[in-house]
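In what follows, a structure is listed as structure tokens, so that the remarks can point back to it.
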Amino acid sequence: MQPKYSLQASAHRRTEAAILEGTKELISRSGITGLSMIEIADHSEVSRATLYNHYRDKDAVLAALVTSEVNRLAELAIHAGTPADALESLSISISSDPALAAMRIHDSQILVAAMTNTASEHYVTIAQIIYGAVKSQAGTGIAMRWLLGQVLQPITAEQSREQAALLVENTLF
């Protein structure tokens, strides 16, 4: 028999995952600006009280979503294999993300501000992930700029593969 608190923690994680998934789906439709806690609760199929028990406001939900997405990218890079595979996986994920696509249309200033905040813990985490894959400080800087460019100007999966291989071949080692 599982301890009571183990079951509660599991339910807590499932609820937070539903909230973050619902929030990302809403952002994919119309961006961040008009998003409300009521919409998040309704779309996530949780009560407003439950939503507020997990997050104090929309900014807290968005911060948790960004953290979740950075963690997802970290897992992609860690399990990718070669440095080129890691960069390709990150590139494809960034370029094909529907929430980023909607933000390019509806929230471009917010997106630019987030991407240019080099002091952000998320920016630093992504840089550390890339460094872990490429093992080169210079290569990390170039790869970061390449990936950040794709947030605003996505590329195809084929371009991701070709450019990642070129970066590793010509720059990183």
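The values are calculated or read from the model by the stated rules, or taken from the named source; none is laboratory data. Bear in mind that the values here come from a model prediction, so they are computed numbers and not experimental data. Glycine gets a Cβ as well: all are built from the backbone with ideal geometry, and neighbour counts include every protein chain shown. Keep in mind that these areas ignore ligands, DNA and RNA; they rest on the heavy atoms of the full protein, side chains included. Shrake-Rupley method; radii C 1.70, N 1.55, O 1.52, S 1.80 Å.
Quick rundown of the values:
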| read-out | value |
| --- | --- |
| Verdict on Leu20 being among the aliphatic types (A, V, I, L, M), part of a helix (DSSP H, G or I), modelled with pLDDT of 95 or more and buried (at least 19 other Cβ atoms within 10 Å of the Cβ) | yes |
| Residue tally, condition of a type in the set (A, V, I, L, M) and more than 16 Å from Glu21 (Cβ to Cβ), over region 38-59 | 2 |
| Of all residues making up region 143-173, the number that are closer than 18 Å to Ala74 by Cα and of a type outside the set (D, E, K, R) | 9 |
| Filter result for Ile27 (open to solvent by less than 50 Å² (accessible area, probe 1.4 Å), part of a helix (DSSP H, G or I) and within 21 Å of Gln109 (Cβ to Cβ)) | yes |
| Scope region 66-112; condition free of Cβ contacts under 8 Å to residues at least 24 places away in the same chain, surrounded by fewer than 16 Cβ atoms within 10 Å (Cβ to Cβ) and not charged (D, E, K, R); matching residues | Asn71, His79, Gly81, Gln109 |
| Which numbered condition Thr118 misses (of (1) assigned to a helix (DSSP H, G or I); (2) open to solvent by 30 Å² or more (accessible area, probe 1.4 Å)) | (1) |
| Search result, residues across region 27-52 that are in contact with a Ser or Thr (Cβ under 9 Å, 6 or more places away or on another chain), of a type outside the set (A, V, I, L, M) and within 15 Å of His12 (Cα to Cα) | Ser44, Thr50 |
| Region 31-65 - residue that is part of a helix (DSSP H, G or I) and open to solvent by 70 Å² or more (accessible area, probe 1.4 Å) and, of those, nearest to Ile130 (Cα to Cα) | Asp59 |
| Out of Gly132, Gly81, sole residue that is modelled with pLDDT under 90 and either assigned to a helix (DSSP H, G or I) or closer than 27 Å to Arg14 by Cα (or both) | Gly132 |
| Contacts under 6 angstrom Cβ, first residue in region 149-165 being more than 21 Å from Ser108 (Cβ to Cβ) and of a type in the set (S, T, N, Q), partner surrounded by 13 or more Cβ atoms within 10 Å (Cβ to Cβ) and modelled with pLDDT of 95 or more, 6 or more apart | Ser160/Glu88; Ser160/Ser91; Ser160/Ile92 |
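Table: residues versus (1) open to solvent by 70 Å² or more (accessible area, probe 1.4 Å); (2) within 17 Å of Ile94 (Cα to Cα); (3) more than 21 Å from the chain's Cα centre (by Cα).
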residue: Ser136; (1), (2), (3): no, no, yes
residue: Ala143; (1), (2), (3): no, yes, no
residue: Leu148; (1), (2), (3): no, yes, no
residue: Val151; (1), (2), (3): no, yes, no
residue: Glu162; (1), (2), (3): yes, yes, yes
residue: Val168; (1), (2), (3): no, no, yes
